[in-house]
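The values are calculated or read from the model by the stated rules, or taken from the named source; none is laboratory data. Quantities reported herein were computed from a predicted structural model and do not represent experimental measurements. Cβ: placed from backbone, ideal geometry, glycine included. Neighbour counts: every protein chain shown. All accessible areas refer to the heavy atoms of the entire protein, side chains included, with ligands and DNA or RNA removed. Shrake-Rupley method; radii C 1.70, N 1.55, O 1.52, S 1.80 Å.
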Amino acid sequence: MMTRRPVLSSILAALLFLAATAGGAQRLTDQPGYLPLEQLNLFPSDELEVEINLDGPLLNMVAAATKKEDPEFSSVMAGLKSIKVQVFPLKGVDSAGIKPRIGRAVHWLEEKGWKSTIRVKDKGDETYIYLLESGGKIAGLTLLSMSPGDEAVVINIVGRIDPAQLGRLGQNLHLPQLQKVPTQGGAKKPE
Amino acid sequence: MTIETITCDEALDLLEPFVDGELPFAQAEPLRSHLQGCRACAGELALAERIRRELRALPQPDCPPEVIERVVRSGRGEVVPFPARRRSGWRVRIAAAAAVLALAVGGGSLFFNLQQRPDRPDPTQVAQATRDARLALAYLDKVTRKAGLGVRDEVLEKRLVIPAARSVSRSLGEFQAPADETRKELR
């Protein structure tokens, strides 16, 4: 009996340590809200007009770097674990091949418990926005959009998400590049 | 001089004091005589001598000082209680194993994370990532805004404005135009 308490404490401490380290080492693919774009193979990767892949450590650095100049943007970035964007051009391309792929992704999301927030079909354009809740909070946002003759877009954001805040930030950006497809250095644009 | 003969049982009883050099000459001679003629007892003697040699070859540990102290104190008539022996049962062993496992996993994970994490952020990389993050949010806004317009066209116009216009027109006997044309007029 003399040794029971220290022993139990040791086991508890070891288990807590294990849990803590395991949490720290959790892979992005295991996070709720993660969309396996590589697995879904939505668009041909070598034909993407824009590709953005930002993961947790880089987003933390972005949050730290923008803390003073843009506190709201910084706080959003600090809560995120991943941002992925893929833009596939549909100018002069038959979008019939893309439509079933979008449908497959929608089916995958619904099978995994994502909730449809917006679903619009208008003049051939299709837009789907799905949110995934985990522990009463939004843990993932996925947007799928297809506009024949223009472009198809998929956006997946993983982490602590406040859609209203994201929308507010997006409105304030007014990036002129979006009128025409951007050519950011980090964002992949094939020659 | 005649040497007394002994049996094997008697010879085996004498072997131990013989090997230790404690057997009187009167008993040792009959034993030697017996061993010369008895291979089984000679084998027993060889085994006893070998055991004795190997025991002597073993290292002799020093007596721990606390034992010497205890003996000295006992010699003085002091009552020296034995210290409580620490139990190292299965619980302690499991705890130790769990701690070692946790350290191994935690250390490995920490090492892996440190390997992956750059020591200092590259300002160019961070600036580019900031632009990409803003671009991602702007894309989100662009597409959702477009979807918002779609919602207005699809939901409000088709399902509310146009049906309302139809019903008003019907009631006035004027409605003939197809939905698309009505939509254009409403715009």
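Kindly provide the pair-distance distribution of the range B:28-74 built from C-alpha pairs, with 5 Å bins from 0 and whole-percent values in order of increasing distance.
The calculated distribution, bin by bin, is 5, 17, 13, 11, 10, 9, 8, 8, 8, 9, 2, 0.
How large is the dipole of the range B:1-63 about the Cα centre if only Lys and Arg carry +1 and Asp and Glu carry -1, each at its Cβ, rounded to the nearest 20 debye? If you can, show how the numbers build up before the last one.
On the way: 6 positive and 12 negative charges, 68 e Å.
Charge dipole, the range B:1-63, about its Cα centre: 320 debye, nearest 20.
A:Glu49's amide H: which non-local residues (gap 5+, or another chain) put their own amide H closer than 5 Å, with H modeled 1.01 Å from N in plane and none for Pro or chain starts?
The list, which skips near neighbours in sequence, is A:Val87, A:Phe88.
Would you kindly state how much longer the chain becomes between B:Ala127 and B:Glu29 on full extension, computed as 0.36 nm times their sequence separation minus their alpha carbon distance, in nm to one decimal?
Taking B:Ala127 through B:Glu29 to full extension adds about 24.8 nm, to one decimal.
What nm distance separates the two modelled labels at A:Asp94 and A:Ser75, each placed 7 Å from Cα along Cα→Cβ?
Roughly 5.1 nm, to one decimal.
If you take the accessible area of A alone, add that of B alone, and subtract the area of the pair, what total do you get in Å², probe 1.4 Å, to the nearest 100?
Result for this pair: about 4200 Å² buried.
Largest first, what is the accessible-area ranking of A:Lys137, B:Lys146 with a 1.4 Å probe?
The ordering from most to least exposed comes out as A:Lys137, B:Lys146.
For each pair in A:Lys68/A:Lys91; A:Lys99/A:Lys137; A:Lys68/A:Lys112; A:Lys68/A:Lys115; A:Lys84/A:Lys115, compute the distance between the two Cα atoms and list the pairs where it is over 29 Å.
A:Lys68/A:Lys91; A:Lys99/A:Lys137; A:Lys68/A:Lys112; A:Lys68/A:Lys115
Expressed as cubic angstrom per residue, what is the convex hull volume of the alpha carbon set of the range A:57-178?
Given the Cα convex hull of the range A:57-178, per-residue volume reads 126 Å³.
When all protein chains stay in place, what accessible area (Å², nearest 10, 1.4 Å probe) is found for B:Val72?
B:Val72 exposes around 70 Å² with every protein chain in place.
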